[in-house]
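Reviewing the structure listed below.
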Amino acid sequence: MENQERKKRALSCIQPTGTPTLGNYLGALRNWVQMQEDFDCFFAVADLHAITVRQEPSKLRQQIVEMFALLLAIGLDPQKSLLFVQSHVPAHTQLSWLLSCNTQFGELSRMTQFKDKSAKHADNINLGLFAYPTLMAADILLYQPDCIPVGADQKQHCELSRNIAERFNGLYGNTFVVPEPFIMKTGARVRSLQDPTKKMSKSDENVNSFISLKDDKDTVIRKFRRAVTDSEAKVRYAEGKDGINNLMEIYSAITGLSLDAIEQAFEGKGYGDFKTAVGEAVANELTPIQERMNTLLADKAQLEQLMRDGAANASRVAGRTLAKAQKKMGFVQL
Ligand code: ATP
Ligand code: LTN
């Protein structure tokens, strides 16, 4: 309707590489659930991005299904948000080629994730790893979103997507909405429990450094109890207390309490009590998600149907943008 304001559109994706961590949940996934109330949302499992590093096919297949189930289990509702798997919508790879020809080698060389991953996988620095940001730009621009909710580490890729969109619009005429990255504050950067100067990452070799969304209650509490802290033994947020700051931020993100309120609540108590409280709060948040996930995974036919519906709806939107970009660049439309 003309006088009814169009809801702003949001899009984000998550890679099905390993089991997501508490970092992925607080930094990305949980915000998506809140956003679906106010935005017209598109969320995808970025399986094509996952193969920029070597994946075992049978494991990848399972992780894609599990990640899709997780999106549903955390509370994303297919009636409110469009949920799909990236590889089910061929327009992503098609647009990515058009965008590749409008992206400079120098720009891609500056991406810190490319540098990090090249160092980490020195035996497989493939073209896909280098071109990753152009595929990500295609994921985004196909759906003409206004904003991209992501963790802080994806800001550089989002900026590049904006630059690509602006350049394309400038060269060929207005084609893409230029989206804003949307970085949530609390829990925006959850850190490793073993080395709080690093981000919590599911690909860390030390399993005690991260909370997997599949960890059971005892494991969650045990990992928090082992978290690296400092020797002050005082629950307060301050410079140089990275470990405690991280635990306070996690606790705040889960309970909604402010950092001040947490300091007050744990006044005079040691780190042991605090770590147990954080562990319990996190475990209580994760248990119902794990239960829903198990129910969903038990009905593969229903999951596949939801994937099919998502792919069909996403393809309609993406196909329109792809056709527009092809036409503007001079391809012959049949
Ligand atoms: P990998 O360990 O394989 O590099 P990852 O754990 O960093 O992966 P991604 O799949 O790259 O996770 O990220 C999915 C989303 O989760 C992104 O939006 C990212 O910004 C966010 N995210 C990942 N790790 C964290 C973290 N520690 N804190 C907050 N957000 C995070
Ligand atoms: N690169 C992102 C995942 C990703 C994404 C996207 C995020 C792929 N395509 C589009 C937002 C929008 C990551 O590694 N977290």
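The values are calculated or read from the model by the stated rules, or taken from the named source; none is laboratory data. As the structure is a computational prediction, the values presented were derived from the model and not from experiment. Neighbour counts run over all protein chains shown; Cβ positions are idealised from the backbone, glycine included. Heavy atoms of the whole protein, side chains included, go into the accessibility calculation; ligands, DNA and RNA do not. Shrake-Rupley method; radii C 1.70, N 1.55, O 1.52, S 1.80 Å.
Take Leu127 and tell me if it is surrounded by fewer than 20 Cβ atoms within 10 Å (Cβ to Cβ), on the phi < 0 side of the Ramachandran plot and touching an Asp or Glu at 6+ places or on another chain (Cβ under 8 Å).
Spelling it out, it is not the case that Leu127 is surrounded by fewer than 20 Cβ atoms within 10 Å (Cβ to Cβ), on the phi < 0 side of the Ramachandran plot and touching an Asp or Glu at 6+ places or on another chain (Cβ under 8 Å).
Testing Ile164 on (1) touching a helix residue (DSSP H, G or I) at 6+ places or on another chain (Cβ under 9 Å); (2) more than 16 Å from ligand 2 (Cβ to nearest atom); (3) not in a loop (DSSP other than H, G, I, E, B), one condition comes back false. Which one is that?
(2)
Just to be sure before I move on: is Lys120 over 19 Å from the mean Cα position of the chain (by Cα) and within 11 Å of ligand 1 (Cβ to nearest atom) in the structure I sent?
For Lys120, the condition - over 19 Å from the mean Cα position of the chain (by Cα) and within 11 Å of ligand 1 (Cβ to nearest atom) - is met.
Residues are listed down the side, and each one gets a yes or a no for (1) small (Gly, Ala, Ser); (2) under 12 Å from the mean Cα position of the chain (by Cα):
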site: Arg6; (1), (2): no, no
site: Gln15; (1), (2): no, yes
site: Thr19; (1), (2): no, no
site: Gly27; (1), (2): yes, yes
site: Phe39; (1), (2): no, no
site: Ile51; (1), (2): no, no
site: Ser58; (1), (2): yes, no
site: Ala73; (1), (2): yes, no
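Look through Ile289, Ile244 and report the one residue that is under 21 Å from Asp216 (Cβ atoms) and either of a type in the set (Val, Ile, Thr) or touching a Leu at 6+ places or on another chain (Cβ under 9 Å) (or both). It would help to see each step written out before you state the result.
Numbers: Ile244 fails: under 21 Å from Asp216 (Cβ atoms).
Going through Ile289, Ile244 in turn, just one is under 21 Å from Asp216 (Cβ atoms) and either of a type in the set (Val, Ile, Thr) or touching a Leu at 6+ places or on another chain (Cβ under 9 Å) (or both): Ile289.
Which is of a type in the set (Asp, Glu) and within 14 Å of ligand 2 (Cβ to nearest atom), of Asp47, Asp77?
Details: Asp77 fails: within 14 Å of ligand 2 (Cβ to nearest atom).
Among Asp47, Asp77, only Asp47 is of a type in the set (Asp, Glu) and within 14 Å of ligand 2 (Cβ to nearest atom).
Looking at the range 292-334, which of its residues are open to solvent by 60 Å² or more (accessible area, probe 1.4 Å), farther than 21 Å from Val177 by Cβ and in a helix (DSSP H, G or I)?
Arg292, Asn294, Thr295, Lys300, Ala301, Gln302, Glu304, Gln305, Arg308, Asp309, listed by residue number.
Looking only at the range 30-81, which residues are open to solvent by 50 Å² or more (accessible area, probe 1.4 Å), assigned to a loop (DSSP other than H, G, I, E, B) and away from ligand 1 (no atom under 16 Å from the Cβ)?
Listed by number, the residues that qualify are Pro78, Gln79, Lys80.
Out of (1) within 15 Å of ligand 1 (Cβ to nearest atom); (2) part of a loop (DSSP other than H, G, I, E, B); (3) in contact with a strand residue (DSSP E or B) (Cβ under 6 Å, 6 or more places away or on another chain), the odd one out for Thr17 is which?
Of the numbered conditions (1) within 15 Å of ligand 1 (Cβ to nearest atom); (2) part of a loop (DSSP other than H, G, I, E, B); (3) in contact with a strand residue (DSSP E or B) (Cβ under 6 Å, 6 or more places away or on another chain), the odd one out for Thr17 is (3).
Report the residue count in the range 149-180 for those that are under 18 Å from Phe39 (Cβ atoms), of a type in the set (A, V, I, L, M) and either modelled with pLDDT of 95 or more or more than 16 Å from the chain's Cα centre (by Cα) (or both).
So the answer is 2.
I'd like to check something: does the range 139-146 contain any residue that is part of a helix (DSSP H, G or I) and out of contact with any His (no Cβ under 8 Å at 6 or more places or on another chain)?
Yes, because at least one residue in the range 139-146 is part of a helix (DSSP H, G or I) and out of contact with any His (no Cβ under 8 Å at 6 or more places or on another chain).
Return the residues of the range 11-26 that are near ligand 2 (Cβ under 10 Å from one of its atoms), open to solvent by 10 Å² or more (accessible area, probe 1.4 Å) and either touching a Lys or Arg at 6+ places or on another chain (Cβ under 9 Å) or of a type in the set (Ser, Thr, Tyr) (or both); say none if nothing qualifies.
Selection gives Thr17, Asn24.
Out of all the residues in the range 289-300, is one or more in contact with a Lys or Arg (Cβ under 8 Å, 6 or more places away or on another chain) and modelled with pLDDT of 95 or more? Before the answer, list the steps.
Residues of the range 289-300 in contact with a Lys or Arg (Cβ under 8 Å, 6 or more places away or on another chain): 290.
From the residues that got through so far, the ones that are modelled with pLDDT of 95 or more too are 290.
Looking for residues that are in contact with a Lys or Arg (Cβ under 8 Å, 6 or more places away or on another chain) and modelled with pLDDT of 95 or more, one finds at least one in the range 289-300, hence yes.
Take the range 158-189 and flag every residue that is within 11 Å of ligand 1 (Cβ to nearest atom), touching a strand residue (DSSP E or B) at 6+ places or on another chain (Cβ under 8 Å) and either open to solvent by less than 10 Å² (accessible area, probe 1.4 Å) or more than 30 Å from Val220 (Cα to Cα) (or both).
Cys158, Pro181
Can you tell me which residue within the range 121-178, out of those that are in contact (Cβ under 8 Å) with a residue 24 or more places away in the chain and basic (Lys, Arg), is nearest to Leu29 (Cα to Cα)?
Lys155
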